[in-house]
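Read-outs: derived from the displayed coordinates by stated rules, not from any lab. All values reported here derive from a predicted model rather than from experimental measurement. Cβ placement follows ideal geometry from the backbone for every residue including glycine, while neighbour counts extend to all protein chains displayed.
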């Protein structure tokens with residue numbers, strides 16, 4: 001049996017990880033994937049109970065975590081929305097979590113308020129996994145994005161990775177950029193000027209001595225190894241005319257992808273709307289649906305790491 | 001170990017089945033029932049994950065499918081309603097299903113829009129079971145109705161089967177009639193003229209050379225082997241006065257049932273309101289609650305068939 | 001293997017239990033707790049299916065029951081709210097329960113209408129556990145309160161137990177008082193006069209020859225072995241001024257607790273608001289979060305007793 005050495009109890013924030021931590025997560029995910037292929041997963045977390053606490057609805061993320069727990073043989077108690085009559089009666093998150101600690105061995109939390117998962121982690125002696133807290137962090141999404149890059153293209157070192165779309169408000173992008181700073185990544189940021197990467201992130205990259213390019217031209221993705229595409233949301237624009245002018249220039253479709261000779265890996269956190277056409281779906285580089293599947297693998301690994309589970313040897 | 005030979009991946013529509021398919025489903029259900037009696041079911045689908053996707057609430061059907069999966073040792077991820085934040089953001093059913101395919105081994109779908117389950121089946125490589133799509137099909141209800149008839153009275157050949165109530169809009173009835181055309185069933189359709197079987201169905205029966213009777217008189221059920229009773233919904237009548245005039249003439253109560261010497265088997269898809277009195281409940285021919293229980297058995301068989309599960313020999 | 005001798009099929013009402021029954025429940029809970037410590041619980045209810053029917057939301061109670069069933073290896077089908085489309089179509093609770101009986105081996109019911117769980121129990125041949133029905137009973141809360149007292153301080157005989165807060169409407173308190181009448185408990189009722197214990201309960205205590213004290217003074221808890229603290233809800237007061245005058249005199253905080261030399265055990269059914277300060281939480285006598293955890297233990301025992309499960313010997 002193998003137990004990975006992982007120094008964290010909770011998964012709260014993509015800033016908490018060192019490169020060594022990321023290596024451990026990637027290795028644990030690979031281990032879990034191999035066990036899955038051998039039908040030997042079921043039983044790893046038998047008898048363990050996960051509380052799936054979605055104070056805010058996020059069906060995709062919830063089902064991904066619940067699938068991960070089931071695949072490992074664990075059990076789940078779930079609540080969606082502020083159904084907690086106790087919360088509507090004025091109960092604090094602290095008290096709610098003390099109750100959950102009495103019921104479950106680990107808790108996954110989605111909450112509309114930034115910082116909630118940190119408060120939750122401070123209240124209890126069971127591991128907490130942040131499944132998104134408001135404008136804050138969504139670290140498991142960033143980890144599954146990283147795993148997807150590694151699985152499909154190898155480690156990000158020396159890779160040219162484009163980020164496309166709303167780089168200003170995109171929580172997903174901010175978390176992934178942070179993880180990629182642990183590698184010798186070459187960043188290419190493609191966005192309307194209004195939605196460019198915030199100065200705080202640019203400053204951090206500069207302070208780390210990391211080179212990055214910024215452009216409004218979508219064609220810049222053509223010579224990248226990976227293109228991480230995100231939505232441009234109309235509500236983010238102060239001026240509707242700006243949105244109308246820009247939205248059609250950020251559409252990745254089959255013709256646009258074929259115009260490049262470089263096999264750029266296409267990622268998207270989903271859901272997509274118009275920025276990524278369905279005519280791309282059957283291209284071999286369209287990895288976004290595989291990305292969703294890898295999410296279950298990465299979450300299985302995180303559940304095992306946080307619960308310090310012993311994994312059968314390969 | 002036994003694996004039934006079943007040519008379908010998905011359960012979409014009662015029109016998809018041949019008589020041979022129905023034989024297989026009936027045989028697989030019998031097999032599963034015997035295993036259940038021997039407490040040998042648990043483990044048949046161990047490690048398999050079912051997505052229970054109820055875009056429209058239907059608690060009865062959902063719990064029946066989920067009970068079936070649990071009894072077989074499988075696991076379940078569930079979502080009820082259009083909680084999918086991604087759908088509210090404009091995600092298509094196609095994309096939603098590509099995500100579900102990444103999580104689960106089989107999906108049960110209830111959706112308000114006719115044809116949804118066919119779209120879902122086209123999107124993925126996992127089996128899809130239609131649990132009702134709008135005015136369209138609800139094939140597993142028809143299959144459990146058929147199984148109930150067979151289990152309680154034997155094969156429908158040469159059986160006189162009455163359909164009572166709203167034959168015009170009754171989705172359940174249309175699906176069951178379709179299945180029964182594979183047998184030498186004698187059909188008796190009992191309804192207000194306004195709610196008679198649609199001409200398309202009558203035409204199909206005639207083209208198949210199947211004899212059927214139509215009447216407004218509820219007493220016609222007295223010489224039938226089976227009476228399939230359904231609700232007459234007020235909202236189906238153009239004229240409220242017609243509803244008031246007719247609703248009391250379609251009430252099956254104890255006195256009415258006792259007035260017949262023939263032991264007509266009483267079925268009802270439930271829920272009932274006034275058309276079927278509670279004073280009938282303890283009569284031996286009142287099979288509608290057993291029918292609900294058989295629903296779990298049939299759905300267990302369908303899950304096994306679609307997943308090509310191996311069943312222990314008896 | 002051990003099967004406890006328990007004469008009840010259903011858990012409906014705290015009035016149903018004799019002292020012998022309570023002994024059995026306490027012993028079964030101890031047994032279950034020991035098995036849990038030895039990691040030998042999982043499998044006790046393998047293959048059994050619990051319907052978790054919360055017609056009214058009560059996340060705390062629901063998750064506690066579901067955690068209990070999972071810990072025993074059982075499975076769960078859940079519904080929250082009047083999602084039952086069948087009920088919205090006019091289905092009776094009787095019919096709903098006949099359906100549930102066809103699906104599950106045991107049902108836990110929370111319902112806004114008093115007496116619902118008794119109706120449910122009358123409809124079916126599977127055990128029913130009342131998880132709260134309107135202003136009526138919530139017997140499993142009372143049983144877990146009793147278990148907490150016994151586990152932390154021994155049997156209630158000769159113990160001085162204070163009840164604090166809203167004694168007039170507090171369902172939890174009424175049920176627990178009833179259970180404690182089976183012991184030589186010394187009752188101290190502390191409440192605003194307006195929220196005093198109803199005359200019917202006082203009469204019952206007198207008729208049983210049980211001594212009790214009543215006071216408005218919170219300091220009366222200082223010489224008690226146990227203080228059961230509850231909320232005073234503003235909406236219970238006819239006069240808002242009365243509420244404003246009284247609410248601050250019923251606040252148990254650290255300074256107040258430290259002013260007593262007696263190690264009074266502090267219980268609270270939770271959720272709390274202001275009546276119990278968070279600065280008490282880390283005092284050794286603050287047992288309310290442990291009380292929540294014991295709730296899972298007691299519910300595990302009740303599930304085993306109602307299902308007549310065989311428990312492995314210790």
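Just a few scattered comments:
- Taking 0.36 nm per residue of separation and subtracting the current Cα-Cα distance, fully stretching the chain between residue C:211 and residue C:135 would add 24.7 nm.
- Among C:249, C:58, the order by Cβ neighbours within 10 angstrom, fewest to most, reads C:249, C:58.
- Take each residue of peptide C:286-296, count the partner chain Cβ atoms within 10 Å of its Cβ, and average: the result is 3.
- Simple label model, 7 Å out from Cα along Cβ direction - residue B:256 to residue A:278, nm: 4.8
- Helix B:93-103 and the longest principal axis of the C-alpha atoms of chain B enclose an angle of approximately 60°.
- Across the alpha-carbon set of the protein assembly as shown, the Rg to Rh ratio works out to 1.00, Rh being the Kirkwood radius.
- Here the sum of -39500 (n - 2.57) over DSSP H runs of 4 or more residues, divided by the residues of chain A, equals -11500 deg cm²/dmol at 222 nm, to the nearest 500.
- The residues B:283, A:69, when put in order of fewest to most other Cβ atoms within 10 Å, stand as B:283, A:69.
- Taking 7 Å steps out from each Cα toward its Cβ at residue B:114 and residue A:18 produces label points 6.4 nm apart.
- P(r) tail for chain C: Cα pairs beyond 25 Å make up 51% of the total.
- One Cα centroid belongs to the stretch C:189-211, the other to the stretch B:87-148; the line between them spans 58 Å.
- Per-residue shielding of C:173-186, expressed as the average number of other chain Cβ atoms within 10 Å of the residue Cβ, stands at 0.
- Helix C:19-37 vs. chain C, principal-axis angle (Cα, 0 to 90°, nearest 10): 70
- Cα-based helix-to-principal-axis angle, B:139-153 vs chain B, degrees rounded to 10: 60
- Radius of gyration over Kirkwood radius for the stretch A:189-314, both on Cα atoms: the Rg/Rh ratio is 1.05.
- Proxy reagent accessibility, fewest Cβ within 10 Å first, across A:10, C:211, A:262: C:211, A:262, A:10
- Calculated FRET value between residue B:194 and residue C:235, using beta carbons and R₀ = 51 Å, to 0.05: 0.50
- With both labels modelled 7 Å from their Cα along Cα-to-Cβ, the residue C:310 to residue C:94 distance reads 3.8 nm.
- The rotation axis bringing chain C onto chain A passes closest to the chain C residue reported with its distance as C:78, 5, by C-beta distance in whole Å.
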